[in-house]
Structure formats: C-alpha cells, structure tokens
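Coordinate-derived values only; no laboratory data. It should be emphasised that the depicted structure is a prediction, and the values quoted were computed from it without experimental measurement. Here the Cβ positions follow ideal geometry from the backbone for every residue, glycine too, while neighbour counts run over all protein chains shown.
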Amino acid sequence: MIEVFQVYNLDFWHWILFALCGLFIGMAKTGLSGLGLMVVPLMAGLFGGRESVGILLPVLIVADFFAVKYFNRHASWKHVIRLLPWAMVGILTGAYFGHEINDTQFKKALAVIIVLGIGIMLWQDLRSKKVSVPDSWWFAAVLGLAGGFTTMVGNAAGPVMALYLLSMRLPKNIYIGTGAWFFLIINISKVPLHVFYWETIKTQTLLLDLTAIPVVIIGAIAGKKIVDIIPEKIFRALILFSTLAAALFLF
C-alpha cells in the first residue's frame, strides 16, 4: 500500500478529492445518478484522462454490486436485454478508437446530445406522450451504442442511460434496479479490455481503489436513504436536472 502513495504522490487535498469521488460514486449508484458524471472530470484532473478511466472502473463495479443488492428485485430485464447488444458494440468501438479520440471535443459532443435529448423528453411531457420516438427500436439502438461507447471511453454513460430509462417512464425503484443490473454487466465486460488492451488496470491501480471502498459504501448507503424519502415526481425532476447539470459541466 505504501507503494501506491509513492507512485501517485497525492497530497492531503488530492486524497480528500479522491474520497469525495468515491462518495459521489456510491450515491450515484443507488439513485442520484447525476452525481456520477461529476466524478469523470475530477478523476481526470487527478490522474490524467485515460488512466483515470481504468482506476475508476473497479470502484464503479463495487458500487454496482451495492446497487444490485438494494434494487435487484426491481429490474426490468426487457429493457436490459434490449440495450445490451447495442451497448456491447459501442464498448468495442470505444475500445478501438479510444486512443484516437480528443477528450475535449468528445465531451462537448456528448453534452450537446444529452441536452438535446432532455429537450425532446420535456417536449414529450408537454405533448402528453403523443410523441412515440422512445418506443422505436432505433431509439434503444442509438442510446445503447452511445452508452457503450461513452462508458468505455470515459465511464460517462450515466446521462445517456438516464435519458433512455426516463423516456421509458419507469417507476423510481424499477428505474434504479434496471440501471444497476445494466451497468454491473457492462462494467464487468470492460475489465478484460482495460487489463489486456488499454493496460489501465494494474496492481497499483487496484491497491489505490481499495482506499476508496469505505467511502463508496458510505455513499451507497446515504444515496439509498435519500432516494427512499424522495417522492416519484420530485425524483424524476431531480434526475432530469442533475443530468442536465452534469452534461453542461462537460462544456
């Protein structure tokens, strides 16, 4: 463990920031999903873009297990199965092009897509669900591909999946449970690519991840308690606005 402190040479405030990232991840995985994307630029600032993705992945998987533990009975497997094939294609595409992508341009493009998507969702609400776009197969295909690509390149698929799941108008617990199982499956599937292809998961990164586990657990418990007391309509609005804020933060 001493080797980790020597390799990364983080000062006190850097460790505080790293712990805060772990707390946000735990809270995001048990319902407050907009917080998850905030972690991406913070981690990139601490460890660099590509390496931070590999460091973050095992921490996300631990948080995914907590989310599944809390909400495993509420998943809608129809939506998980509908998204997975497209997401896997997106992951492989992201892995292949990962070395070539300009992070700044990619984040701005992602933010534009998310903001436009939220605009479509709000328009649907105003039109009393008369618009049938989210029920089309291509809606799942596009967002599945985008989710797989963004999760591989930057662990940044939270808003994309929130856009899809909210469009399906799932109840609060089913929304969280479906997302929990989906992210657990795709995050585990990314591990071999990070270990053998990108080489961003190593012994020293795993040791660093161990230091974040306690705050991830605290965040997961806190997130679950917060979600339990939030009414359905307020929860939907909170996810919409936190996702929009996270998207704008990418600019």
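For I226 and T211 in one chain, what is 0.36 nm times their gap in residues minus the Cα-Cα distance, to one decimal in nm?
This chain segment gains 3.0 nm when fully extended.
Return the calculated 222 nm mean residue ellipticity for the chain, to the nearest 500 deg cm²/dmol, obtained by summing -39500 (n - 2.57) across DSSP H runs with n ≥ 4 and dividing by the residue count.
My calculation for the chain gives -27000 deg cm²/dmol from helical runs alone.
Can you tell me how region 13-93 classifies by the Cα gyration tensor, rounded, prolate or oblate, using a/c under 1.5 as the rounded cut?
oblate
Can you give me the angle between helix 137-154 and the longest principal axis of the chain, using Cα atoms only, in degrees from 0 to 90, rounded to the nearest 10?
10 degrees
Taking only Cα atoms of region 2-249, what ratio of Rg to Rh do you get with Rh as the Kirkwood inverse-distance radius?
In region 2-249, Rg relative to Rh is 0.95.
What residues of region 136-163 lie in the reach of a label at T104, counting those whose backbone N is under 19 Å from a point 7 Å from the Cα along Cα→Cβ?
Residues passing the 19 Å test: 154.
So how do 179-188, 143-152, 211-220 stack up, highest first, on mean other-Cβ count within 10 Å?
143-152, 179-188, 211-220
Fewest to most neighbouring Cβ within 10 Å: what's the order for H14, H99?
Fewest-to-most Cβ neighbours within 10 Å comes out as H99, H14.
Hey, quick one: spin label on K69, modelled 7 Å out along Cα-Cβ, who in region 185-214 has an amide N within reach, i.e. under 15 Å?
Those under the cut-off are 213-214.
Along the Cα→Cβ direction, 7 angstrom out, place labels at F251 and T93. What is the inter-label distance in nm?
So the two model labels end up 2.5 nm from each other.
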